[in-house]
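In what follows, a structure is listed as C-alpha cells, so that the remarks can point back to it.
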Amino acid sequence: MAEFFSLLGDANRLRILSLLAQKELCVCDLAATLDMTESAVSHQLRTLRAMRLVSYRKQGRNVFYNLQDSHVLNLYQSVAEHLDEEI
C-alpha cells in the first residue's frame, strides 16, 4: 500500500488520473492538455499501468488510456470529495 500511495504523490500522475477520470484519452491529447511531451506522459502511464491504475487499447497508431476499473475511479472521487469537505 505504501508503494501505491507514494505513486499517487506525484503531481503529474495525479493530473493524468484526473483527466482519465473524466474520459478516455490518447497519449497525444494527454500531452497537449498537460503541456508535457508525449514521451514524458508515456513514461508516467507506464508507471500507472504497472500499478494497475490505468489500462489501454490501441486504435491504429494511437494508444488510448482509461482508468483500469471502477475501484480506481471510486478511490479518486473519494479523495477529491474528502479534500473538498469544509472543516
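Read the figures in this text as sums done on the coordinates, not as results from a lab. Note that the structure is predicted; figures quoted are calculated from it, not measured. When we count neighbours, we look across all protein chains shown, and the Cβ atoms used for this are built from the backbone with ideal geometry, even at glycine.
A few notes on this one:
- Degrees between helix 11-20 axis and first principal axis of the chain (Cα, 0 to 90, nearest 10): 80 degrees
- Nitroxide proxy distance, nm - points 7 Å out along Cα→Cβ at residue 66 and residue 19: 1.7 nm
- Note, ³J(HN,Hα) from phi for region 60-77, Karplus 6.51, -1.76, 1.60, rounded to Hz, x at Gly and Pro: x, 8, 9, 10, 9, 10, 8, 5, 4, 6, 5, 4, 5, 4, 4, 4, 4, 5
- Only Cα pairs under 8 Å and 6+ residues apart enter the sum, and on that basis the relative contact order of the chain stands at 28 percent.
- Per-residue Karplus couplings for region 50-58, computed as 6.51 cos²θ - 1.76 cosθ + 1.60 with θ equal to phi - 60°, are listed in order as 4, 8, 6, 8, 10, 10, 9, 9, 9 Hz, Gly and Pro entered as x.
- Under Karplus coefficients 6.51, -1.76 and 1.60, residue-wise ³J(HN,Hα) of region 22-38 in Hz, glycine/proline x: 8, 5, 5, 9, 8, 4, 5, 5, 4, 4, 5, 5, 8, 6, 10, 6, 4
- Rounded to the nearest 20 debye, the dipole magnitude of the chain is 640 debye, with +1 charges on Lys and Arg beta carbons, -1 on Asp and Glu beta carbons, and the Cα centre as origin.
- For residue 54, nonlocal amide neighbours, meaning residues 5 or more places apart or on other chains whose placed amide H falls under 5 Å from its own, are 49, 68.
- Cβ-derived FRET efficiency at R0 25 Å, residue 73 paired with residue 32, nearest 0.05: 0.60
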